[in-house]
Structures are given as C-alpha cells and as structure tokens.
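Heads up: the structure comes next, in structure tokens.
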Amino acid sequence: MARLGKLDFLAVPGNVVLTGPPGTGKTHLAVGLGVRACEAGHRVLFATAEEWAARLSGARSAGRLTEELAALDAYSLLIVDEVGYVPFDADTTRLFFQLVSHRYERGSLVVTCDRPLERWGEVFGGPAAPAMADRLAHHAETVRLDGDSYRMRRGAGVRATSAWAD
C-alpha cells in the first residue's frame, strides 16, 4: 500500500483492485488513495457500483452515454466501491464493460470487491464479465485483504447495552 500511495499507477494509467471480505478496509484504502490523488492535484470521482450503474444507465437512457464516458476523462481516477455486494444483470454488465473499456489505458480505476476478479462472473451477468476483468487486471495492482471484519472485532465499534439491568 505504501508503494500505491506514491500514485505511480496514475501515470501508466493503471488500476488498483482491492479484494477481500466485508470489513477488511477496502473502502478505507480506496478513499485514502483518492484523497492522496486529490492532494497531488488529480481529479477524483468516487461512487459505489450501484451509483455508477445508475449514472451510466441514466446517461444511456438520455442518449448520451458516449458523452458521459468522455466527460469522465477529465478525472485521473475513478473509484468504484462495493462491486459484488449486489449482482448485476447482463444490461448493467454491458454498461460496466463500456466504462472499463473506455478507461483502458486512458484513465485509472480503483475498484473494491468482495471477491477476486476470476469470480466476477458471479457478480456480472452475461459474457462481458471475463473480458471486463481482463481489461481491468491488465495494468492493475491487485491487493487481497484477509482477516476478520474490523467492525466485528472485539472492542471495535459501538456496543449495545441495556438500560434495564437488574
């Protein structure tokens, strides 16, 4: 992560894929890379996978998907958070494929996902999933985060207590 914090992947341009179970810090690290990129003068756009799907779908419905993808070129880094928590149909998969294909060797992506790229067929319906994962991984640093959820560890977070103790 220290090496990624130098932001060399933005110059390629390359991608970062953060995978692992819920609560292992993927979003936290993605946001940290985004903040670091902003501090270095880069434009960054962050949204969840569902928000990206809605944005791209809305642009397509308005007949301006090509223009929307071109407008995203103004950002050095796009962050796509929470891929895998909600499965996508073939139509939404095609939209994500277009985003990844458009960004390929043009702009960087940081993607957080609860499963590795080779299992993206479980998330994205249709035949585009392997091609999308291939393009994303080609110039990517993949970081696998393992362990228990930070939120579920003993002593972490807020504990519920009863006001009705005997």
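Using a 1.4 angstrom probe on the protein heavy atoms only, line up Thr19, Thr48 by accessible area, largest first.
So the residues, ranked largest to smallest area, are Thr48, Thr19.
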>> Multiplying the sequence separation of Arg3 and Tyr150 by 0.36 nm and subtracting their Cα-Cα distance, what value in nm do you get?
In response: 50.6 nm
> What residues have an amide H closer than 5 Å to that of Ser76, excluding those fewer than 5 places away on the same chain, when H is modeled at 1.01 Å from N in the peptide plane?
Replying inline: Arg43
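Can you list which of the trypsin sites (Lys or Arg not before Pro) found in segment 44-76 are DSSP loop residues with at most 14 other C-beta atoms within 10 Å? Spell out each step's value before the answer.
On the way: sites: Arg55, Arg60, Arg64; in loops: Arg64.
Answer by residue number: Arg64.
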> Which cross-chain or sequence-distant (5 or more) residues have an amide H under 5 Å from the amide H of Thr48, H modelled 1.01 Å from N in plane?
Replying inline: Asp81
> For segment 100-154, what is the charge dipole size about the Cα centre, in debye to the nearest 20, if Lys and Arg each add +1 at the Cβ and Asp and Glu each add -1 at the Cβ?
Replying inline: 240
> Along the positive direction of the dipole of the chain (beta-carbon charges: Lys, Arg +1; Asp, Glu -1; about the Cα centre), which of Phe124, Gly32, Gln98 reaches farthest?
Replying inline: Gly32
>> Taking 8 Å as the Cα distance limit and 6 or more residues as the minimum spacing, I'd like the relative contact order of segment 33-98 as a percentage.
In response: 45
>> With a 1.4 Å probe and all protein chains kept in place, how do His102, His42, His28 rank by accessible area, largest first?
In response: His28, His42, His102
>> Using a probe radius of 1.4 Å on heavy atoms only, what accessible surface per residue do you get for the chain? Whole Å² is fine.
In response: 55
> Roughly how many percent of the accessible protein surface of the chain is carbon and sulfur, given a 1.4 Å probe and a whole-percent answer?
Replying inline: 52
> How much accessible surface does Tyr104 have with a 1.4 Å probe, in Å² rounded to 10?
Replying inline: 80
> With axes computed from alpha carbons, what is the tilt in degrees of helix 90-103 against the longest principal axis of the chain, rounded to the nearest 10 within 0 to 90?
Replying inline: 70
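For segment 26-143, give the magnitude of the charge dipole about the Cα centre (Cβ charges: +1 Lys/Arg, -1 Asp/Glu; no others), in debye to the nearest 20.
Magnitude of the dipole: close to 200 debye.
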> Amide H to amide H under 5 Å from Thr142: which residues, 5+ apart in sequence or cross-chain, H placed 1.01 Å off N in plane?
Replying inline: Val17
> Under a point spin-label approximation (7 Å from Cα along Cα-to-Cβ), what is the Ser61-Leu45 distance to one decimal in nm?
Replying inline: 1.8
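The values are calculated or read from the model by the stated rules, or taken from the named source; none is laboratory data. Source: prediction; values computed, not measured. Counting neighbours? That spans all protein chains shown, and the Cβs are built from the backbone with ideal geometry, glycine included. SASA here: full protein model, heavy atoms, side chains in, ligands and nucleic acids out. Shrake-Rupley method; radii C 1.70, N 1.55, O 1.52, S 1.80 Å.
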